[in-house]
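Only the coordinates and a few stated rules stand behind these numbers; no lab work does. The structure displayed is predicted, hence computed values, not measured ones. Every residue, glycine among them, receives a Cβ derived from its backbone with ideal geometry; neighbour counts consider all protein chains shown.
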Amino acid sequence: MISNISISNNIFTGKPVIAFFLSVFFLVFSTGLFSQTREELEKKRKEILQEISELQQAQSSITKDKKASLSQLKLIENKLRKRYAFINNLNDDMRLIDNTIFNNNREIYRLQKQLDTLRIQYAKTIEYAYKNRSSYDMMNFLFTASNFNDAIRRISYLKSYRRYRDEQAENIVKTSNALKGKIETLTLNKQEKGKVLVEQNKQKAILEDEKKEKNQFVSKLKAREKEIEKEMIAKKKVERSLQNAIAAIVKREIEAARKKAEEEARKLATKTEAEKTAIANSKPITTRKSNILENTPEVTKVSVGFENNRGNLPWPVDKASVVAGFGKQKIEGTSLVEDNIGLTIQTNAGSNVKAVFEGVVTSIYDVAGSQTVTIKHGKYFTTYYNLSVVNVNKGSVVQMGQSIGKAGVNDDGDGEIMFVVNIESTFVNPEIWLKNK
């Protein structure tokens, strides 16, 4: 006998269920379709937590007796940004769970309706079988056949009817089990949502504490505004020296490329028309705009490779926290404005500084007592300032990820480098070329 199955209280019938499903439908699908899975979101959360931990360690490495600095403020701001990213990740996870709950509720409702239909149909077959249960009725059904073939068809019908009734019973069991499984899954979904909600509230509380921490630090920074302004002027003086040195290197490389091009033009002028045609035909056909620094197919290939890796280049150090961004940035709580030609990156003192792409070391030089390396990547240049040790030579061919030296320290004794990117003589934001952190 098929036993009745109790249905979850979450299953409704009639108009309320339509209103319920419509409300959930608009709630879920107004956010759009999600390309990320819950596993991917969880993996990203772990990465963000690791980054928050590294920022916290970097912040803790700055002792309490040190004066409030811009680099400390940047670390606090980075940590806040990562905390927001973590909470947004939890929000996405919550929406995915809500979407799953909606789909499971819908499937439970469908299974319930299907089960009700199967039970009604099965009840009718049982009722019919009960009314025609006597052997006399069955024999009478067979013996009233008009001929032998008709009797065979009636026997086949009786067998089919019994098989149909058995299949109905089996379908009721399967549907009941499927319904039970979906109800159990729905319960797990709600438990998962509860856990995410708890974590979300926890992270929001931490965020509020970190906001207070930032506000307190900004107050300390404002009290030192005059002093910080003097530090910024000194830093800008060093940065201007670096900027001039890089500009001179680029100018020198352009001049060398121009002389090489002129020499090749003079040699070409001495060739016969047939030789000129042969040389022209040997050059690869390209629609790329001509650039004096891309004077060979090999160099052009490096330039194109650098361009194609925009947004995907590795960071010059493994543990990187940006403490001063590119361009003009107003310092919160003060009237001060920074204007940087590159990224100032905090890292562990003495850690490996690596080339972000293949290229040729075009210059090794000193700026304000700190060693500096500039690498040419076709028409692109990357510069690594404030190295304590340099382990490459001028003219060395380097590969992506190859160590070129060790990170030096700043005035506070913390590990720090500056990373600069140029397209010829134009300084550009390095962050748009590096992988997202």
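Annotation: amide H-H contacts under 5 Å for residue 405 (H modelled 1.01 Å from N, sequence separation of 5 or more, or interchain): 353, 391.
What FRET efficiency, computed as 1/(1 + (r/R0)^6) with R0 = 51 Å and r the Cβ-Cβ distance, is obtained for residue 400 and residue 229, rounded to the nearest 0.05?
Details: r = 39 Å, r/R0 = 0.77.
Using R0 = 51 Å, I get an efficiency of 0.85.
Of all lysines in the structure, those lying under 18 Å Cα to Cα from residue 267, and not within fewer than 8 positions of it along the same chain, are 259, 276, 283.
Dipole magnitude for the range 236-432: computed about the Cα centre from +1 point charges on Lys and Arg Cβ and -1 point charges on Asp and Glu Cβ, it is near 720 debye. A DSSP coil position with no more than 14 other Cβ atoms inside 10 Å describes the following GluC sites (Glu not before Pro) in the range 332-369: 332.
Scaled against the 2.2 N^0.38 Å expected of a compact globular protein of N residues, the Cα radius of gyration of the range 236-432 reads 1.17.
Figure legend: label point modelled 7 angstrom from the Cα of residue 308 along Cα→Cβ; residues of the range 354-385 with amide N under 20 Å from it are 356-360, 376-382.
Dipole of the range 239-396 computed with +1 at Lys/Arg Cβ and -1 at Asp/Glu Cβ about the Cα centre; of 395, 325, 290, farthest Cα towards the positive end is 290.
Which entries in 82/214; 82/226; 79/202 show an alpha-carbon gap greater than 26 Å? Violating the 26 Å limit, Cα to Cα: 82/226.
Just to confirm a number: summing +1 for Lys and Arg and -1 for Asp and Glu over residues other than residue 207 whose beta-carbon lies under 14 angstrom from that of residue 207, what do you get? Spell out each step's value before the answer.
Details: positive: 79, 81, 82, 83, 202, 204, 211, 212, 214; negative: 77, 199, 208, 209, 210, 213.
Cβ neighbours under 14 Å give a net charge of +3.
Each residue of the range 221-235 is assigned a 3J(HN,Hα), and the resulting list reads 5, 4, 5, 9, 4, 4, 5, 5, 4, 5, 5, 5, 5, 5, 5 Hz, derived from the Karplus form 6.51 cos²θ - 1.76 cosθ + 1.60 (θ = phi - 60°), x at Gly and Pro.
Each of residue 187 and residue 318 was given a label point 7 Å from its Cα along the Cα-to-Cβ line. The distance between the two points is 4.7 nm. For the range 96-129 versus the range 287-306, the spacing of their alpha-carbon centroids is 66 Å.
Across the alpha-carbon set of the range 301-391, the Rg to Rh ratio works out to 1.00, Rh being the Kirkwood radius.
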